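Visitor: Quick one: structure below, then a few questions.
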Amino acid sequence: MITMKHHHFLLVSLPIQSHINPTFRLATRLTRTGAQVTLATTISGLKTLPSISGMSYHFFPGGGADGKLTSIQELKFLGSINLKELLLTKAKEGQKVDLLIYGLSLPWVAEVARDLHVPSALFFFQSAASFSVVYHFFKSDGGVGNSNIDLTGSIKVPGLPLLRYSEIPSFLIPTHRYAYVFQEHIDTLEKQPNSFILINSFDGLEEESIKSLPDHINIFSVGPLSSGETEEPFVIDTIQDSDRETYLRWLDSKREKSVVYVSFGSLVKLQKNQKDEIFQGLIESGYPFLWVIRNQGEDDEESRRYTAEGGGLIVRWCSQVEVLNHVAVGCFVTHSGWNSTVESIVSGVPMVGYPQDADQKMNAKMVEEVWGNGVKAVADGEGVVGREEMKRCLTVVMGGGEITRNCEKLKSMAMEAMSEDGSSHRNLNRFFQTLKLVSE
C-alpha cells in the first residue's frame, strides 16, 4: 500500500452504529498507510470509540444535553460552523487536512470542504448497487420531486435486475422524511467536475453496478471493511460484552455448521407475534440457535421462555464478526443491513434475509437472485414471516448445495480483494493518485 505518512485525513460520521462502525473501520485502514487520521462525530458517538495509534478524535455539537443527535438540520447548522473552525485551526497549527471523507446524511460537509479548497470524498457505506440506484433515481425523470410515482411499478437500473419500487431503498420514496438528504448528496456530487466516492464493497462482487456509473463519478470499492478475523476490527457497541464467555462456551459445544445465528441489527425491534413465529420456526426446524435480542427489558421473561423451551441461547449483545466466524455457525437470519451482509459474505455464512427498511430489501434481493448466497423470507399479507416460511428458508440454506458453494466462492473473492495486491488495496492507491495526493 502507498505510504501517506505526511498526510492528514479527516473523517466525519453520524453517531449511529450502522454509520460509525464502517467509518471507524475505514479510519483504521487509513492509519495503516502512515497517515494522521482524525475521526469526527458527536460526543455521544465518541464515548464508544477505542484508542488507536495514529488516530485522534474530535466531536462537534449537534444534539441535546446528552450529546445525542436531535435533527439533521441542527447538525448541519452547528456542524458546518464547527467543521470550518476545525479545518482553519488545524491549518494554523501546521496540521492541514489534506482530505475530508464524509458519510451519509452529511452532504453539507462537502460544501464546507469546497469553500476551503479541501478535497473531499463521500464514503457511501452501503453497496455499489444501492449507490447506483440512488444516482440513477435522482438523475431520471422519476426523481424525488415527482409525487406521481407509481409505487406498484418497477425501475430498471443498469447492471441490476428489474427492481420493484417496493424493493429500492426506502429513503428514495418522495414521502420519506430523508429523501431530500439523498437528493442533496447527488446534487452536491454533481456540482463538482469530478466526484469521489468510496464504497464498502469489492470489484468482484459488484462490477456491473460500478461500471454503470458515468465517468465523472469516480467510485472506488475499498471493502470489504470486515477482515473476517475475530479480533478485528473493534466492535463498537453501547452494550457491554458480559455475555461473551457464555455464548462462546455455548457455541463451542455445538457441531460444525449446526447453529442458526439470529440478529436484526441495532435498530429493528420486532413485534411479539413476529418473534413468536420465528421462535416456533426455529424450534420446529430442530437447529440450535443463538439469538440477539437487544432491547429485552420487559421481554426478559419472554427471552427466558425461548431459551428454556427451545434449547437455544438468547443474548443482549455479541461480537457479530466473532460469531459468524465460529465453526458452529451454519446460517445467519438477518435484517439484511449492508454491514451484516458484508460480514456474512466475508465469513462464508449463508443468509436468510428478513429485510425491514432502508436498503435492506434490495440487499436481500441481491443475495437471493444475483449472488446466490442465501434466500429472502417471504412475509404474509400482514408483513409477518410465519413459522412454516422460516422452516422452509432454514431447510434451504442449511442444506448445503449451490448456496454453500456460492458462499465459499464469495468468501474467497472477498479475501483476495483485501489481500496486499488485491483489488481494494489497488483501488485505495488509485484513489490517492487520482486526487493527486501522491504521484503516479
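Visitor: Could you give the angle, 0 to 90 degrees to the nearest 10, between helix 300-310's Cα long axis and the longest principal axis of the Cα atoms of the chain?
Guide: Relative to the chain, helix 300-310 is tipped by roughly 50 degrees.
Visitor: Can you give the extra length, in nm with one decimal, that the chain gains between SER253 and GLN73 once fully stretched, where that is 0.36 nm per residue apart less the Cα-Cα distance?
Guide: Between SER253 and GLN73, full extension yields 59.8 nm more.
Visitor: Sticking with this one: Would you mind estimating how fast segment 244-414 diffuses translationally, via Stokes-Einstein at 25 °C and 0.890 mPa s with the Kirkwood radius over Cα pairs, in µm²/s?
Guide: Using the Kirkwood radius from Cα pairs, D works out to 155 µm²/s.
Visitor: Moving on to the next point. Roughly speaking, what is the stretch gain from GLN271 to SER51, that is 0.36 nm per residue apart minus the C-alpha to C-alpha distance, in nm to one decimal?
Guide: Between GLN271 and SER51, full extension yields 75.4 nm more.
Visitor: List the lysines whose Cα lies under 29 Å from the Cα of LYS376, skipping any in the same chain that are fewer than 8 positions away.
Guide: Reachable lysines: LYS156, LYS211, LYS254, LYS257, LYS269, LYS272, LYS275, LYS361, LYS365, LYS391, LYS409, LYS411.
Visitor: Along Cα→Cβ, 7 Å out, is where each label goes; now give me the distance between the ones at LYS436 and VAL370 in nm to one decimal.
Guide: Result: 3.4 nm between the two label points.
Visitor: State the extension gain, in nm to one decimal, for the chain segment bounded by SER419 and ILE81, taking 0.36 nm per residue of separation less the distance between their alpha-carbons.
Guide: 117.7 nm
Visitor: Taking one equal scatterer on every alpha-carbon of segment 107-227, how large is log10 of I(q)/I(0) by Debye at q = 0.13, 0.22, 0.23 1/Å?
Guide: Log10 I(q)/I(0), no solvent term: -0.53, -1.36, -1.43.
Visitor: On to the next question. Suppose each label sits 7 Å from its Cα in the direction of the beta carbon; what would the THR152-ARG32 distance come out to in nanometres?
Guide: So the two model labels end up 5.1 nm from each other.
Visitor: Expressed as an acute angle from 0 to 90° and rounded to the nearest 10, what is the orientation of the C-alpha long axis of helix 72-92 relative to the principal long axis of the chain?
Guide: That works out to roughly 50 degrees.
Visitor: Here is a further query. Sequence neighbours fewer than 8 away in the same chain don't count; with that in mind, list the lysines whose C-alpha is under 25 Å from LYS92.
Guide: The reachable lysines, counting only those whose Cα sits under 25 Å from LYS92, are LYS5, LYS76, LYS84, LYS436.
Visitor: What's the percent breakdown of Cα-Cα distances in the chain across 10 Å bins, shortest bin first?
Guide: 4, 21, 31, 27, 14, 3, 0
Visitor: With everything on Cα atoms, drop me the angle between helix 17-31 and the longest principal axis of the chain, reported from 0 to 90° to the nearest 10.
Guide: Helix 17-31 and the main axis of the chain meet at about 60 degrees.
Visitor: Based on DSSP H runs of at least 4 residues, each adding -39500 (n - 2.57), what is the mean residue ellipticity at 222 nm of the chain after dividing by all its residues, to the nearest 500 deg cm²/dmol?
Guide: About -12000 deg cm²/dmol.
Visitor: Considering only VAL396, VAL260, HIS216, whose Cα is most displaced toward the positive end of the charge dipole of the chain, charges sitting on Cβ of Lys, Arg (+1) and Asp, Glu (-1)?
Guide: Selected residue: HIS216.
Visitor: Next question, about the same structure. Send over the semi-axes of segment 153-193's equivalent ellipsoid, whole angstrom and largest first, taken as the square roots of 5 times the C-alpha gyration tensor eigenvalues.
Guide: Working: eigenvalues 92, 49, 7 Å².
After diagonalising the Cα gyration tensor, the semi-axes are 21, 16, 6 Å.
Visitor: Tell me, what HN-Hα J-couplings in whole Hz come from the Karplus equation 6.51 cos²θ - 1.76 cosθ + 1.60 at θ = phi - 60° for each residue of segment 332-343, using x for Gly and Pro?
Guide: Those phi angles translate into 10, 8, 9, 7, 6, x, 5, 4, 5, 4, 4, 4 Hz.
Visitor: Among HIS176, HIS19, what is the fewest-to-most ranking by other Cβ atoms within 10 Å?
Guide: HIS176, HIS19
Visitor: When a/c is below 1.5 the answer is rounded, else prolate if a/b is larger than b/c, else oblate, so apply that to segment 245-295 with a ≥ b ≥ c taken from the square roots of the Cα gyration tensor eigenvalues.
Guide: oblate
Visitor: Run the numbers on segment 244-414 and let me know its relative contact order in percent, using alpha-carbon pairs under 8 Å that are six or more apart.
Guide: Dividing the mean separation by the residue count of segment 244-414 yields 24 percent.
We did not get these values from a lab; they are worked out from the coordinates using the rules stated. Nothing here was measured: the structure is a model prediction, and the numbers come from that model. Quick reminder, even Gly has a Cβ in these numbers, built from the backbone with ideal geometry, and neighbours come from all protein chains shown.
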